[in-house]
Amino acid sequence: IVLAKQPILFVRSLQDEIVPTHQMEELIRLAINAKFKVEYQIPKGTHNVGWELDPEAYFDQLNEFFQRV
């Protein structure tokens, strides 16, 4: 169980070659104490360059999360 009580943003690249999809799913599932959690998926993203596929959408998601916080 993730004990963090603050909001959590999970950025998940679905083609991640380092962190398997099932591990991210488990982290998200276990974050039961988070004030709220947001998941942003990058369907064709890899571990290091997912954000480069659509930088505007990526930074929009970050901005939305921080505005909500």
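Key figures
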item: Signed unit charges on C-beta, dipole axis of the chain, positive-most listed residue S13, L27, A57; result: L27
item: Other-chain or far-sequence residues with amide H under 5 Å of I42's (modelled H); result: R12, S13, L14
item: Sparse-neighbourhood loop sites, chymotrypsin sites (Phe, Trp or Tyr not before Pro) in region 1-48 - DSSP loop, at most 12 other Cβ within 10 angstrom; result: F36
item: Rounded to whole Hz, the Karplus (6.51, -1.76, 1.60) HN-Hα couplings of region 48-55, x for glycine and proline; result: 9, 10, x, 4, 5, 5, 8, x
item: The chain: trypsin sites (Lys or Arg not before Pro) in DSSP coil with no more than 12 other Cβ atoms inside 10 Å; result: K5, K35, K44
item: Estimated vicinal HN-Hα couplings, Hz - region 41-46 in sequence order (Karplus 6.51, -1.76, 1.60; Gly, Pro = x); result: 9, 10, x, 9, x, 9
item: Å² of accessible area per residue within the chain, as computed with a 1.4 Å probe and no ligands counted; result: 72 Å²
item: Residue-by-residue Karplus 3J(HN,Hα) for region 30-39, coefficients 6.51, -1.76, 1.60, Hz, glycine and proline x; result: 7, 7, 7, 8, 4, 4, 7, 10, 10, 10
item: Within the accessible area of the chain (1.4 Å probe), percent carbon and sulfur; result: 54 percent
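The values are calculated or read from the model by the stated rules, or taken from the named source; none is laboratory data. Nothing here was measured: the structure is a model prediction, and the numbers come from that model. Virtual Cβ from ideal backbone geometry, glycine too; neighbours counted across all protein chains shown. In case anyone asks, the SASA skips ligands and DNA or RNA and just uses the protein heavy atoms, side chains included. Shrake-Rupley method; radii C 1.70, N 1.55, O 1.52, S 1.80 Å.
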